[in-house]
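Everything on this sheet refers to the single structure shown next.
No value in this document is a laboratory result; all are computed from the given coordinates. It should be emphasised that the depicted structure is a prediction, and the values quoted were computed from it without experimental measurement. Here the Cβ positions follow ideal geometry from the backbone for every residue, glycine too, while neighbour counts run over all protein chains shown.
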Amino acid sequence: MDEIVYGIEYAKPQVVLLQQTGIGVAEVAARTCYDSFENSENDAVRDIEDALPDLAACQEINAIEGSNLLDDLAWTYFHHSILEHANLSYLVRGTSRGVLQEHARHRIQAISVRSTRYTMSSIINAFVASQHSKEGGKAFFIDKILGFDMFVTQDVEYNKLEAGAMYDKLHYQASRLEDFESIAVAKSSLELLQVYEGDSKALFEALEAGKKKKNVGDAFKHIITDNVKVDMVVTFNLRSLKNYLTLRESGAAYFQIRWLAQEMMRATPSKYLDLIVKKK
């Protein structure tokens, strides 16, 4: 779903919950603190009073859907450290590099992000191919970039400006480097530049089918802006997720990360949200 903000149309991110550890271990942690296993309403936790859990019991613990003790500790006594024993992992698709900068401010998280070092080859291939066009090299590049759907903004005319700026930066850089093509193209593909001279479309397709230049983003990542989409997998413990959602779902948050927080909330089962998000 798209939304217009400050006169520009943006695509919202998509979120899938990949993995969840459940809240049972958090209750076991809390019961350990208070030595109160016998008071649990969950059989698998209560049985720990008499014996260490076996595999079947551990599976029951991980399947627990509610805990009165966790609710009391979270909302009455604010004993939140026990929430650190529950973890959730999300796949995020289509947020922006600007949001990535905001995410870096949340210290306790595990985050793996689509790398510009390894994933810029199609952009560079489009530029190299555009330089072997008989006419309209910049127009060829812009058309290819728009086809990649790589911007969170969805306004075509605005995205043409973004793509045009990328072209201008690459063109400036290429004009200052005698070995630009050897930096941009894998050695095994350099001969393609002569084979398809004057045919940008065929050259682009041949470069895409050939070997990718290793770490090509090292030389060119400066051309992209905070508007570029990124994908990531992020894992929070429940206490950190509480902090994240409290700050980022707020109306005071940067609108793109607020959208992401909202999508993460939608993907999060209620047994977790009940412990970290106040009911409105």
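In table form, for the structure just shown:
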{"read-out": "Lysines whose Cα lies under 30 Å from that of LYS187, excluding same-chain neighbours fewer than 8 positions away", "value": "LYS134, LYS138, LYS144, LYS169, LYS201, LYS211, LYS212, LYS213, LYS214, LYS221, LYS229"}
{"read-out": "Sum of -39500 (n - 2.57) over DSSP H runs of 4+, divided by residues of the chain (222 nm, nearest 500)", "value": "-13500 deg cm²/dmol"}
{"read-out": "Relative contact order (%) - region 121-223, alpha-carbon pairs under 8 angstrom, separation at least six", "value": "39"}
{"read-out": "Cα-based reach from LYS12 at 20 Å (exclusive), listing aspartates and glutamates while leaving out same-chain residues under 8 positions away", "value": "ASP2, GLU3, GLU102, ASP149, ASP155, GLU157, GLU162, ASP226, ASP231, GLU249, GLU263"}
{"read-out": "Loop-exposed chymotrypsin sites (Phe, Trp or Tyr not before Pro) per DSSP, neighbour cap 16 Cβ within 10 angstrom, longest uninterrupted part of the chain", "value": "149-253"}
{"read-out": "Calculated Cα Rg over 2.2 N^0.38 Å (choose from [x] 1.35; [y] 0.93; [z] 1.57), label", "value": "[x]"}
{"read-out": "Point-charge dipole on Cβ atoms (K/R +1, D/E -1) for region 185-280, about Cα centre, debye to 20", "value": "820"}
{"read-out": "For the chain, with +1 on Lys and Arg beta carbons and -1 on Asp and Glu, the positive-most of ILE4, THR116, ALA174 along the dipole", "value": "ALA174"}
{"read-out": "For the chain, share of DSSP beta bridges that run antiparallel, in % to the nearest 5", "value": "95"}
{"read-out": "Proxy reagent accessibility, fewest Cβ within 10 Å first, across GLU65, GLU102, GLU205, GLU178", "value": "GLU178, GLU65, GLU205, GLU102"}
